[in-house]
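S.K.: Got a structure for you, questions after.
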């Protein structure tokens, strides 16, 4: 998903959100002279399906427990997404940064359905990211990391050297325009290094050696079909992958009112943590911890109250398989365990402490549609429970974003 930015001069861009400085150094230094700059939002486009279930960047429509007795249709959004839908000027860089805190707030509404798909209640909820270090588009840490990276500096240095060389050419305007057109196509990735004029190839090699851009010089020497834009994108993706593993910690509250019960008869206070802990050759790994405290009506006692309380804790590991080119997650397998403790009076044949073993398989069938299949196993009873879900994540902004 990307946001469209208005074309501005570099000095104006540097006064805006920190990411634009990085974009000016890495992307704009390689792909300059374009009418528009496109800002990638990796917190959404490259986020795992598990991450989007914890915190959603724009909109999500979920169909949960389709095969279970208590079904749910839930809509999740955040205030910034709604505001941007009504006023697209908020997608401009300055406004995008200004409302960054609103993007850390999710609200949701859900309709409960029974086995026969009849209305059985409704719920609502709020969730806020206490710590969200995964969005590099507004991160000073990401800016500093990019500024200090020697590979990023080499792109800028080589591009400036080539520009100075072309500007100083003592040749006819026609020849200068011809070389500049080749340089523009080269930096935009339209042509590879070996498609340049032989004399221009030699000049670039000499400039790379003279300016000490060792990384780029070695790549050009090793691969005649070296593509400058593709290489810059690879460097950028490596940095984004690092940010996709950073900490996310949320705190939320939901309430549910069932058709045959009183208002707000089921309240849940929850907290969830997501952190990438390692990267393998073929998969990434996420640590996912979730704790919740649930208050419901204690039917053992007369009257209507919220005196029945249940604590739950679910530690899990999510294995993420990504595509090689786009680096998007397409298959995830989450293995977790759940511990439940009931503080209040127990019901007949109820255990105060319970354990389950859980697994969730997420498959990305389209760019924004996920199918999570949840399976729970109760070690004491030996029972399996399967829950089929569908998640549709979307921006609702038409052709303005991808």
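S.K.: Collect the residues in the stretch 164-173 that are closer than 24 Å to residue 217 by Cβ and assigned to a loop (DSSP other than H, G, I, E, B), keeping them in residue-number order.
M.R.: Scanning the stretch 164-173 gives 168, 169.
S.K.: May I ask you to verify whether residue 131 is modelled with pLDDT of 85 or more and more than 23 Å from residue 392 (Cβ to Cβ)?
M.R.: So residue 131 fits the description; yes.
S.K.: Take residue 124 and decide whether it is modelled with pLDDT of 80 or more, in the same structural domain as residue 72 (by TED's automatic domain parsing) and touching a strand residue (DSSP E or B) at 6+ places or on another chain (Cβ under 7 Å).
M.R.: Yes; evaluated as a whole, the condition is true for this residue.
S.K.: Any chance the stretch 250-271 includes a residue that's farther than 30 Å from residue 297 by Cα, in contact with a helix residue (DSSP H, G or I) (Cβ under 8 Å, 6 or more places away or on another chain) and either assigned by TED's automatic domain parsing to the domain that holds residue 113 or surrounded by 15 or more Cβ atoms within 10 Å (Cβ to Cβ) (or both)?
M.R.: Among the residues of the stretch 250-271, not one is farther than 30 Å from residue 297 by Cα, in contact with a helix residue (DSSP H, G or I) (Cβ under 8 Å, 6 or more places away or on another chain) and either assigned by TED's automatic domain parsing to the domain that holds residue 113 or surrounded by 15 or more Cβ atoms within 10 Å (Cβ to Cβ) (or both), which makes the answer no.
S.K.: Just for the stretch 388-402: of the residues that are at pLDDT below 80 and surrounded by fewer than 18 Cβ atoms within 10 Å (Cβ to Cβ), which one is nearest to residue 361 (Cα to Cα)?
M.R.: For the stretch 388-402, the residue satisfying everything is 394.
S.K.: In addition: Based on what the data block shows, is residue 353 touching a residue at least 40 places away in the same chain (Cβ under 8 Å) and touching a strand residue (DSSP E or B) at 6+ places or on another chain (Cβ under 6 Å)?
M.R.: Judged against the criteria, residue 353 is not a match.
S.K.: Tell me, yes or no, whether the stretch 98-117 has at least one residue that is in a helix (DSSP H, G or I), in the same structural domain as residue 265 (by TED's automatic domain parsing) and at pLDDT below 85.
M.R.: Scanning the stretch 98-117, I find at least one residue that is in a helix (DSSP H, G or I), in the same structural domain as residue 265 (by TED's automatic domain parsing) and at pLDDT below 85, so the answer is yes.
S.K.: If you don't mind, another one. Quick check, is residue 197 touching a residue at least 12 places away in the same chain (Cβ under 8 Å) and under 36 Å from the mean Cα position of the chain (by Cα)?
M.R.: Answer is no for this residue.
S.K.: Can you give me the number of residues within the stretch 360-376 that are over 16 Å from residue 65 (Cβ atoms), modelled with pLDDT of 80 or more and surrounded by fewer than 16 Cβ atoms within 10 Å (Cβ to Cβ)?
M.R.: Final tally of qualifying residues: 4.
S.K.: Still on this structure, I have one more. Being over 30 Å from residue 165 (Cα atoms) and free of Cβ contacts under 8 Å to residues at least 24 places away in the same chain is true for just one of 255, 238. Which residue is that?
M.R.: Unique residue meeting the criteria: 238.
The values are calculated or read from the model by the stated rules, or taken from the named source; none is laboratory data. Just so we're clear, the structure is a prediction, and the values are computed from it rather than from any experiment. Don't worry about glycine lacking a Cβ; one is built from the backbone with ideal geometry, like all the others, and counts go over all protein chains shown.
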